[in-house]
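A quick write-up on the structure given underneath.
The values are calculated or read from the model by the stated rules, or taken from the named source; none is laboratory data. Note that the structure is a prediction, hence the values are computed from the model and not measured. Cβ placement follows ideal geometry from the backbone for every residue including glycine, while neighbour counts extend to all protein chains displayed. With ligands, DNA and RNA removed, areas are computed over all heavy atoms of the protein, side chains included. Shrake-Rupley method; radii C 1.70, N 1.55, O 1.52, S 1.80 Å.
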Amino acid sequence: MSPKNYGAVSGIFFLLVALAHLYRVVADIPVQVDDIMIPMWVSWIATIVPAVLAFWGFRVARQK
């Protein structure tokens, strides 16, 4: 797989992950793991980090 293809695939994957977490924040969907409630601020971080990685992947895919 070429670096351009890898960047595009990674960018799409991380963008989907970021959108899923953003949807959780917007729709106010509670998440519980065993007895622990996951606070909403975790999804804010989990939105920002994959969004940055998606941006980075798309930048790699656009390089010549």
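Data for the structure
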quantity: Per-region count, the stretch 41-63, residues open to solvent by 50 Å² or more (accessible area, probe 1.4 Å) and touching a strand residue (DSSP E or B) at 6+ places or on another chain (Cβ under 9 Å); calculated: 1
quantity: Test: residue in the stretch 20-27 that is outside any helix (DSSP H, G or I), of a type outside the set (S, T, N, Q) and over 15 Å from the mean Cα position of the chain (by Cα); calculated: no
quantity: Subset tally (residues that are touching a residue at least 12 places away in the same chain (Cβ under 8 Å) and within 15 Å of the chain's Cα centre (by Cα)) for the stretch 50-62; calculated: 8
quantity: Selection from the stretch 20-40 of residues that are free of Cβ contacts under 8 Å to residues at least 12 places away in the same chain and open to solvent by 100 Å² or more (accessible area, probe 1.4 Å); calculated: 23, 26, 32, 34, 35, 36, 37
